[in-house]
1. When you look at PHE282, is it at pLDDT below 95 and either acidic (Asp, Glu) or under 19 Å from VAL205 (Cβ atoms) (or both), yes or no?
2. For the range 147-188, give me the residue count where each residue is assigned to a helix (DSSP H, G or I) and surrounded by 17 or more Cβ atoms within 10 Å (Cβ to Cβ).
3. Check ALA140, ALA125, ALA99, ALA95 and return the single one that is under 28 Å from GLY204 (Cα atoms), at pLDDT 90 or above, assigned to a helix (DSSP H, G or I) and of a type in the set (A, V, I, L, M).
4. Are there helices (runs of 4 or more DSSP H) fully within the range 201-280 with at least 2 residues that are small (Gly, Ala, Ser)? List them.
5. Whether any residue in the range 28-39 is in the same structural domain as VAL127 (by TED's automatic domain parsing) and part of a loop (DSSP other than H, G, I, E, B) is what I want to check.
6. From (1) under 25 Å from ARG221 (Cβ atoms); (2) more than 18 Å from the chain's Cα centre (by Cα); (3) β-branched (Val, Ile, Thr), pick out the condition that doesn't hold for THR276.
7. Could you tell me which of the residues ASP361, ASP296 is in contact with a strand residue (DSSP E or B) (Cβ under 8 Å, 6 or more places away or on another chain), buried (at least 16 other Cβ atoms within 10 Å of the Cβ) and either in contact (Cβ under 8 Å) with a residue 24 or more places away in the chain or not in a helix (DSSP H, G or I) (or both)?
8. Provide a single number: the residues in the range 299-340 that are part of a helix (DSSP H, G or I) and either among the hydrophobic types (A, V, I, L, M, F, W, C) or free of Cβ contacts under 8 Å to residues at least 60 places away in the same chain (or both).
Amino acid sequence: MVSPRRSGRADRVVAVGFEQVELLRQNYLRPGHLLLALALEAEESGTASGFEQLLGVPTGAVVDATRAAFDKGPKNPGRPPVYYTAEAAATLDIAGQEAASSDHGYVEPVHILLALLRQDDDTVAGVLRELGADTGRARARIAERLRSAGLLQTLTRDPGHTTGPVIGRAAEIDRVVQVLTRHRRRVPLLVGEPGIGKEAVTVGVARAVAERRVPDSLGGRTLRSLDLAAVLADSRHRARAGALIAELLAEIAGQAGLILHLEGALTPLHLPEGTTTPLGLFRSLLEEPAVRVIGDCGRAEYDRRDRDPGLERLVQPVFLQEPPEGDIREILRVVRPRLMFHHEAGFTDDALEAAAALARDHVPDQALPGAAVSLLDEAAALVRTRRARSDAPSKEPHEVTEADVVQALAASSGIRAAQPRPAAARPAGQPVPHDPYVWTMS
């Protein structure tokens, strides 16, 4: 069974866990840190009351008791935390299994909490026992909540809780908000190559709506992202695609105050009834006053689209350009911790500079900043593979350097670049279609 990916809120839990590891002067992320992070994230996101209802104890008490438990343990000041313990990794794996078994499209904080309650970790068990929590009853409450969640909740995610700031893109975010408030042609369609930052714009819009930095007609709404192609590709849903879509449409139509983000809005969907697109399937919602829709697609998909006059009069394309050089470097600094946690490695500043410059000069068929992030990911994977063949201890801290980035470029594309050149403008014109199998930040 393939585990769903973590939602933005679940990613935030893991990030807060690593922050607490450092604040508590330790080096490894343990299950107890995840419990502490769940409580802190609940307070941060305004869901503390729901956390308390599930666990049966006050959120603040969980925070205090967990910190006190770690304060009694040994301190290991030194390098920043990089690693998960095997127990923490197992907790996140179980959370993924719980999400998959309950047909949820994403791992949410509630799945991590359920996984912690199923584990036999001394710190977690000790804290909950001290607070008088009934773990059996808490598991039952969580199971009931997971059973009662509707399709919209289980198949979509909230992009606004994605970790990290949105760098730049203020003009594009304002443009999407402007289109959403129009009387006609109010469906913004973000058009850009994978890796160019369509998701960042959506995150920015979600946060603007949540913080009410939008016109009154959008204030108080919630934004949910749906990747319908991924949902229908899942073997659990493929056999009942038609019924699932009908149920989802009915549920969304009854959701007043929803902004639905359709990822891959023009991606062809091959259904028994014929080939269509997510935007075509949700056409009946595009003029519903209660629901607003945002779509995104690649430039090649947009150019090849069927020009349906009925859809054309509703959709307003918003074309994205690559961010400026300074923003790309800042984006790489924001992404660096995420790659550090995955690869258990540090990244030098020179490596980030090299990735930005080499991706700009030697990977013209992929959009920035995604191409630079992909190159850093490739370099870290190369370093891990090289270390696995060496005699170096696997848990010794190591760093990805500029030389590793240059070597990764040669290994992945056959291009040999001795040294990144100073920044220069990329050639004007449309980018070459992107290879969909290369990981980017689209």
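The values are calculated or read from the model by the stated rules, or taken from the named source; none is laboratory data. Only a predicted model underlies this, so the values are computations on that prediction, with no experimental measurement involved. Here the Cβ is made from the backbone with ideal geometry for all residues, glycine too, and neighbour counts use every protein chain on show.
1. Yes; evaluated as a whole, the condition is true for this residue.
2. Result for the range 147-188: 15.
3. Testing whether each residue is under 28 Å from GLY204 (Cα atoms), at pLDDT 90 or above, assigned to a helix (DSSP H, G or I) and of a type in the set (A, V, I, L, M) leaves just ALA95.
4. Because the criterion is at least 2 residues that are small (Gly, Ala, Ser), the helices (runs of 4 or more DSSP H) in the range 201-280 that meet it are 228-233, 241-253.
5. yes
6. Single failed check for THR276: (1).
7. After ruling out the rest, the residue left standing is ASP296.
8. So the count comes out to 18.
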